[in-house]
């Protein structure tokens, strides 16, 4: 019987391995099991996909560590399931992020992926770049992104790094908000990120990395996540530096969690359509619904109530003791965040992709009085509070003469306002406070991608095409290698290089990232507009400090 059981176990173990690998793939032993990955000989990179960093989570509940690692060798040649989400958004045929690569979606989705130089051994202590994917906290996955190009470049420059991506719960599953939800259920998507960073600390040496040399990085919501971990740090030190691309703690307004309980709020709608009601028992009812029942009904709540974002695309402020127990904007203004080096920047036309094309497609385009009326409604719609008519009137004047990137002044004005309110003004506020206490490097990404619709300009996520981490290749290869080298140097040395000066509020020098013209410039773009948006009273009107 013992021999028979051993034979069955051997067959089971072999069944986990692709027939093309045999035993030739790289192997890594972790606290969650032993894994065999893929050796990419062409790029001199080893890849491990679909490694568990936590137990399969119960809905809305913080994930638990894996208590006992499975016996035997597990396959790490394919991505683990993506977290449940709606289809990728797009504007003008341009998707916000590359396509997902996992075979399916599941609530059991807490997996990470590792790219490292081939034959990296235990004890090499290579620095690690961890990439937090974007997607507005309601879509995206670690499977979208690929570290091969960045790791390959790091090898060729003799500054090798390890690159890691991971999944975290999204939308209603990661960011449910309600007074009915216990503190532990609030912002579990960010808690998943923290769990992944802890796993990396515990296992860095096992795959040749150095847990004391971890840089967290991300774009859009991923960059917002970077800021959240600066603002609400773990009791453990899980990273030493950050890279924030097109995101701050204020990109998406952090609402009070009970905001979702109001009439017409996401939690109220969800509990009603599922039959769970609105009382204290509603939360457990939502937890216990079968996924196939719960998920189609949950997706029907993904309608944008504010700022063109679904209700579940926002972090929320909970009571004391929850993950986010203060408004991030307040902590950022007070300088109440980790004193660690950071690179942060925005793209020239962040708003153009994100506001959609509805204003662009109006035909015929409205006369100026009607244009101002439509734009007033658009501006007011970006806040969870009432924006005063005085503020709207001032903004109509400040955005009366936009840079023309389309055939619609209405679209161009709306896109510039959205860009400044959501990205550029918060970015400049953070730089002002952070540069007084820590090393900060800032950039302005200004490179358009040939062949994309002109009205998109240098759009949100545009810069990722020039990092070669998953988006389609671009012709400006010199800018690709320059950007990669900046980031690789920072991950290794906590400095992108002497060519890139630190940011100081007195000089306001940022790095212009433009193919053939990379270099320091004074950051003067629309200063009057962002100064106005950064006034405390205006920030209050736009809900930066809640209701």
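The values are calculated or read from the model by the stated rules, or taken from the named source; none is laboratory data. Just so we're clear, the structure is a prediction, and the values are computed from it rather than from any experiment. Positions of Cβ are backbone-derived with ideal geometry, glycine not excepted, and every protein chain shown enters the neighbour counts.
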Contact list please: Cβ distance under 6 Å, first residue in the stretch 503-515 and within 17 Å of residue 476 (Cα to Cα), second residue in a loop (DSSP other than H, G, I, E, B), pairs at least six apart or on different chains. 512/446; 514/446; 514/447; 515/447; 515/476
Out of all the residues in the stretch 221-239, is one or more farther than 23 Å from residue 141 by Cβ, at pLDDT 95 or above, touching a helix residue (DSSP H, G or I) at 6+ places or on another chain (Cβ under 8 Å) and not in a loop (DSSP other than H, G, I, E, B)? yes
From the option list 165, 120, single residue qualifying as closer than 29 Å to residue 495 by Cβ, in a loop (DSSP other than H, G, I, E, B), in contact (Cβ under 8 Å) with a residue 12 or more places away in the chain and in contact with a strand residue (DSSP E or B) (Cβ under 7 Å, 6 or more places away or on another chain) is 120
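Have a look at 537, 505 and point out the one that is part of a helix (DSSP H, G or I), at pLDDT 95 or above, more than 22 Å from the chain's Cα centre (by Cα) and surrounded by fewer than 20 Cβ atoms within 10 Å (Cβ to Cβ). Break it down into steps so the answer makes sense when it comes.
Numbers: 505 fails: part of a helix (DSSP H, G or I).
Answer to the check: 537.
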Consider the stretch 343-371. How many of its residues are in contact (Cβ under 8 Å) with a residue 24 or more places away in the chain and either surrounded by fewer than 18 Cβ atoms within 10 Å (Cβ to Cβ) or within 26 Å of residue 96 (Cβ to Cβ) (or both)? 20
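Here are 326, 371: which of them is farther than 24 Å from residue 139 by Cβ and assigned to a loop (DSSP other than H, G, I, E, B)? It would help to see each step written out before you state the result.
Numbers: 371 fails: assigned to a loop (DSSP other than H, G, I, E, B).
Result: 326 is the single residue among 326, 371 that is farther than 24 Å from residue 139 by Cβ and assigned to a loop (DSSP other than H, G, I, E, B).
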I want to confirm something. Restricting to the stretch 135-161 and keeping residues that are more than 27 Å from residue 105 (Cβ to Cβ) and touching a helix residue (DSSP H, G or I) at 6+ places or on another chain (Cβ under 7 Å), which single residue is surrounded by the most Cβ atoms within 10 Å (Cβ to Cβ)? 154
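Could you tell me whether any residue of the stretch 520-539 is in contact with a strand residue (DSSP E or B) (Cβ under 7 Å, 6 or more places away or on another chain), more than 20 Å from residue 399 (Cβ to Cβ) and touching a residue at least 60 places away in the same chain (Cβ under 8 Å)? Can you show your working first?
Just the residues of the stretch 520-539 that are in contact with a strand residue (DSSP E or B) (Cβ under 7 Å, 6 or more places away or on another chain), to begin with: 520-523.
In the following step, the residues that additionally are more than 20 Å from residue 399 (Cβ to Cβ) were identified as 520-522.
Those left that are additionally touching a residue at least 60 places away in the same chain (Cβ under 8 Å): 521.
Yes, there is a match, as at least one residue in the stretch 520-539 is in contact with a strand residue (DSSP E or B) (Cβ under 7 Å, 6 or more places away or on another chain), more than 20 Å from residue 399 (Cβ to Cβ) and touching a residue at least 60 places away in the same chain (Cβ under 8 Å).
For (1) in contact with a helix residue (DSSP H, G or I) (Cβ under 6 Å, 6 or more places away or on another chain); (2) assigned to a loop (DSSP other than H, G, I, E, B); (3) surrounded by fewer than 21 Cβ atoms within 10 Å (Cβ to Cβ); (4) at pLDDT 95 or above, each residue gets a yes or a no:
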residue: 7; (1), (2), (3), (4): no, no, yes, no
residue: 23; (1), (2), (3), (4): no, yes, yes, no
residue: 43; (1), (2), (3), (4): yes, yes, yes, yes
residue: 64; (1), (2), (3), (4): no, yes, yes, yes
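Of the residues 196, 179, 103, only one is outside any strand (DSSP E or B), in contact with a strand residue (DSSP E or B) (Cβ under 6 Å, 6 or more places away or on another chain) and at negative phi; which?
Working: 179 fails: in contact with a strand residue (DSSP E or B) (Cβ under 6 Å, 6 or more places away or on another chain); 103 fails: in contact with a strand residue (DSSP E or B) (Cβ under 6 Å, 6 or more places away or on another chain).
It is 196.
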Can you name the residue in the stretch 378-396 that is assigned to a helix (DSSP H, G or I) and over 28 Å from the mean Cα position of the chain (by Cα) and, of all such residues, is surrounded by the most Cβ atoms within 10 Å (Cβ to Cβ)? 395
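Take residue 174 and decide whether it is assigned to a helix (DSSP H, G or I), over 24 Å from residue 345 (Cβ atoms) and touching a helix residue (DSSP H, G or I) at 6+ places or on another chain (Cβ under 7 Å).
Working: assigned to a helix (DSSP H, G or I): yes; over 24 Å from residue 345 (Cβ atoms): yes; touching a helix residue (DSSP H, G or I) at 6+ places or on another chain (Cβ under 7 Å): yes.
So residue 174 fits the description; yes.
Among the residues in the stretch 261-269, are any touching a residue at least 12 places away in the same chain (Cβ under 8 Å), more than 15 Å from residue 172 (Cβ to Cβ) and touching a strand residue (DSSP E or B) at 6+ places or on another chain (Cβ under 7 Å)? Full working, then the answer.
Let us first name the residues in the stretch 261-269 that are touching a residue at least 12 places away in the same chain (Cβ under 8 Å), namely 261, 264-267, 269.
Now drop any that are not more than 15 Å from residue 172 (Cβ to Cβ), which leaves 264.
Then keep just the ones that are touching a strand residue (DSSP E or B) at 6+ places or on another chain (Cβ under 7 Å); that gives none.
Checked against the condition, which is being touching a residue at least 12 places away in the same chain (Cβ under 8 Å), more than 15 Å from residue 172 (Cβ to Cβ) and touching a strand residue (DSSP E or B) at 6+ places or on another chain (Cβ under 7 Å), the stretch 261-269 yields no hits at all.
Kindly indicate which of 150, 88, 112, 132 is modelled with pLDDT under 95, in contact with a strand residue (DSSP E or B) (Cβ under 6 Å, 6 or more places away or on another chain) and under 27 Å from residue 460 (Cβ atoms).
Numbers: 150 fails: modelled with pLDDT under 95; 112 fails: modelled with pLDDT under 95; 132 fails: modelled with pLDDT under 95.
Exactly one of 150, 88, 112, 132 is modelled with pLDDT under 95, in contact with a strand residue (DSSP E or B) (Cβ under 6 Å, 6 or more places away or on another chain) and under 27 Å from residue 460 (Cβ atoms), namely 88.
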Which one is surrounded by the most Cβ atoms within 10 Å (Cβ to Cβ), of the residues in the stretch 260-272 that are assigned to a loop (DSSP other than H, G, I, E, B) and within 28 Å of the chain's Cα centre (by Cα)? 265
Residue 488 under 20 Å from residue 519 (Cβ atoms) and touching a residue at least 24 places away in the same chain (Cβ under 8 Å): yes
Only one residue in 279, 321, 275 is farther than 24 Å from residue 539 by Cα, in a loop (DSSP other than H, G, I, E, B) and under 26 Å from the mean Cα position of the chain (by Cα). Which one? 321
Scan the stretch 115-122 and give yes if some residue there is within 21 Å of residue 29 (Cβ to Cβ) and surrounded by 24 or more Cβ atoms within 10 Å (Cβ to Cβ), otherwise no. yes
How about the stretch 75-95: which of its residues are under 18 Å from residue 292 (Cβ atoms), part of a loop (DSSP other than H, G, I, E, B) and in contact with a helix residue (DSSP H, G or I) (Cβ under 8 Å, 6 or more places away or on another chain)? 83, 84, 85, 86
Given (1) under 19 Å from residue 50 (Cα atoms); (2) over 20 Å from the mean Cα position of the chain (by Cα); (3) part of a loop (DSSP other than H, G, I, E, B), number of the condition residue 109 does not satisfy: (2)
When the stretch 199-220 is checked residue by residue, the ones that are without any contact (Cβ under 8 Å) to a residue 40 or more places away in the chain and in contact with a strand residue (DSSP E or B) (Cβ under 6 Å, 6 or more places away or on another chain) are 201
